[in-house]
Amino acid sequence: MVEQFVGTWKMISSENFDELMKKFGLGAAERQLANQNRPSFTLSVDDQGMICMNSLNIFNAPELKFKLNESVVQMTANNRQTTTVLTLENGKLIQKHTGDDGDFIVEREISDGQLIVRSTLGNVVAVRTYEKEA
């Protein structure tokens, strides 16, 4: 299932992330700090099938726990309450946040040994690429 995503990943490139943060309403100072950051992402699965995702960045280190296809209510890093569902579709891990201001979709896939993360809000798409740490 999600085994290919398990591990700790370090970001190596980022495209269009500033535009995504603008779409979320972040100010220039916050965007500048975020663009200088190279976050790591960790995914693990416990023996009950609970998926734990942790993204360590300069703003916070949110830990999210999900089971596939089960919705959870969560607060996002920019203080939006959303209903989030994590699904596995065609080898891609899809995280869909539904809130009052629309859907935010994070699609993760493994390509050539790298983790490719596409984040979409409205018509803005940001792509971040990660390498697995040893």
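The values are calculated or read from the model by the stated rules, or taken from the named source; none is laboratory data. Keep in mind the model is a prediction, meaning the values are calculated, not measured. So basically every Cβ, Gly included, is an ideal-geometry build from the backbone, and we count neighbours across all protein chains shown. Ligands, DNA and RNA are stripped out before the accessible areas are found, and what is left, the full protein with its side chains, is counted by its heavy atoms. Shrake-Rupley method; radii C 1.70, N 1.55, O 1.52, S 1.80 Å.
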### Query
Under the condition of being open to solvent by 50 Å² or more (accessible area, probe 1.4 Å) and not polar (S, T, N, Q), which residue from the range 7-17 is farthest from N79 (Cα to Cα)?
I12
### Message
Being out of contact with any Lys or Arg (no Cβ under 6 Å at 6 or more places or on another chain), over 14 Å from L121 (Cα atoms), among the basic types (K, R) and modelled with pLDDT under 95 is the requirement here; does K92 meet it?
### Response
no
### Query
Mind checking which pairs have a first residue in the range 65-84 that is within 11 Å of Q95 (Cα to Cα) and at pLDDT 90 or above and a second that is part of a loop (DSSP other than H, G, I, E, B) and open to solvent by 40 Å² or more (accessible area, probe 1.4 Å), Cβ under 6 Å, 6 or more apart or different chains?
T83/S71
### Message
Scan the range 31-42 and tell me whether some residue there is open to solvent by 50 Å² or more (accessible area, probe 1.4 Å), in contact (Cβ under 8 Å) with a residue 24 or more places away in the chain, small (G, A, S) and within 23 Å of M11 (Cβ to Cβ).
### Response
no
